[in-house]
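Let me begin by presenting the structure, written as structure tokens, before commenting on it.
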Amino acid sequence: MQHKRIEYKALIVGIVVNVLMVIAGMVVFFISGLKAMFLDAAFTAISVLSGLVAATLSSRTVRTTERFPNGLFALEPIYAIGKAMVTMSLLIFTLIDVTQVAYDYFVFGYGFPISMGPVVIYEIATVASCAMLYVYYTRQNELINYSSTMLTAESKSTFIDGMMSLGIGVVAIVLVLLPQGTPLDFLHYTGDFFITLAIVVFTIREPIEVLRDAFVELVGGVHDNDDINAFVEGRVQSYLPEGTELDKVLVFKMGMSYSVEVYLTGVGPTIYVNDMVHCKKALEEDLASKLHLVDVDFVFD
């Protein structure tokens with residue numbers, strides 16, 4: 001299935017890129033001891049693990065069994081929810097950790113100067129890698145009309161990773177250029193806290209949005225993509241069974257699978273079952289050209 005192949009390939013590319021970034025990140029963390037670097041490297045490590053899970057799910061959710069005749073697409077939003085929660089937990093945990101370090105310095109005057117080491121070079125390479133990977137994820141998802149919940153989660157995660165690296169890199173440059181004995185000396189001891197705080201403030205929205213959208217999918221909320229909804233409603237008009245008129249159309253999404261409920265009102269003396277079956281199958285084939293996996297139900301309310 002073309003949509004799943006595109007999704008799977010994109011996830012594999014992401015895993016390879018993230019593995020390389022994790023190795024480099026951990027080396028730089030052990031050299032510098034910078035907590036924000038630990039957050040950056042740990043976040044990328046999570047992306048590797050979640051990417052492996054996503055790639056496994058990508059090849060399995062579409063499979064149907066006697067017990068799950070409609071596939072296991074619910075696992076895709078469950079995956080997105082789990083990743084969003086882990087991401088938020090990591091952000092909050094690291095913020096608490098560096099806050100304690102800043103508190104010790106400002107209140108007790110206790111602390112150690114931050115060693116930048118090769119941080120600047122690493123962050124430049126990481127920002128470039130994250131930017132390219134984010135664009136790649138987005139374009140691959142665009143090819144399948146943004147139907148992949150997992151690619152959406154991965155692209156959001158990559159964006160956060162890139163923002164982390166950008167923030168760390170900017171502050172690292174400032175600290176390298178900042179001379180000793182100035183009113184800003186405290187940054188040599190607490191710059192880690194300010195970096196992490198800025199990262200959390202500017203990126204926490206991304207996992208929250210992923211969590212919200214995945215939860216809506218999981219509990220059966222109506223799909224809110226205006227382009228997809230307009231496309232479906234436009235095509236439905238061409239496949240109305242004889243003797244009916246359209247009342248409303250509801251589009252639902254579960255992972256990469258779409259469910260379309262077409263509410264009809266009878267206006268003729270007779271509605272033929274064979275005609276309804278023919279219209280249903282023809283509409284599903286038409287919608288599948290863009291949505292890939294679609295199930296259409298005609299509903300009389």
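Please treat every number below as a calculation from the coordinates, not as lab data. Model, not experiment: these values are computed from the prediction. Backbone-built Cβ (ideal geometry, glycine too); neighbour counts: all protein chains shown.
Couple of notes before you dig in:
- Simple spin-label estimate for VAL13 and ASP224 in nanometres, 7 Å along Cα-Cβ: 2.9
- Here the sum of -39500 (n - 2.57) over DSSP H runs of 4 or more residues, divided by the residues of the chain, equals -24000 deg cm²/dmol at 222 nm, to the nearest 500.
- Over segment 2-218, Cα pairs under 8 Å with separation of 6+ residues give a relative contact order of 30 percent.
- Each label was represented as a point 7 Å from its Cα along the Cα-to-Cβ direction; for PHE93 and PHE106 these points are 2.5 nm apart.
- Alpha carbon centroid spacing (whole Å) that separates segment 102-171 from segment 9-48: 9
- Each Lys and Arg Cβ is given +1 and each Asp and Glu Cβ -1; about its Cα centre, the chain then shows a dipole of about 860 debye.
- Per-selection metrics, segment 1-115 (Cα): Rg and Dmax in Å: 19.4, 66
- Ranked ASP40, ASP161, criterion: other C-beta atoms within 10 Å, fewest first: ASP161, ASP40
- Greater than 25 Å apart at Cα, pairs in LYS156/LYS248; LYS253/LYS281; LYS9/LYS248; LYS83/LYS253; LYS156/LYS280; LYS4/LYS248: LYS156/LYS248; LYS9/LYS248; LYS156/LYS280; LYS4/LYS248
- For segment 226-300, share of DSSP beta bridges that run antiparallel, in % to the nearest 5: 55
- Radius of gyration and Dmax over the Cα atoms of segment 2-218, both given in Å: 19.2, 73
- Rg/Rh, computed from the Cα trace of segment 119-185 with Rh as the Kirkwood radius, has the value 1.23.
- Considering only beta bridges that DSSP places wholly inside the chain, some 60 percent are antiparallel.
- Using the Cβ-Cβ distance between VAL135 and ARG212 with R0 = 25 Å, the FRET efficiency computed as 1/(1 + (r/R0)^6) comes to roughly 0.55.
- Here the gap between PHE68 and ALA288, fully extended at 0.36 nm per residue and compared with their Cα-Cα distance, gives a gain of 77.1 nm.
- Nearest 10 degrees, 0 to 90: helix 35-60 Cα axis against the chain principal axis: 20
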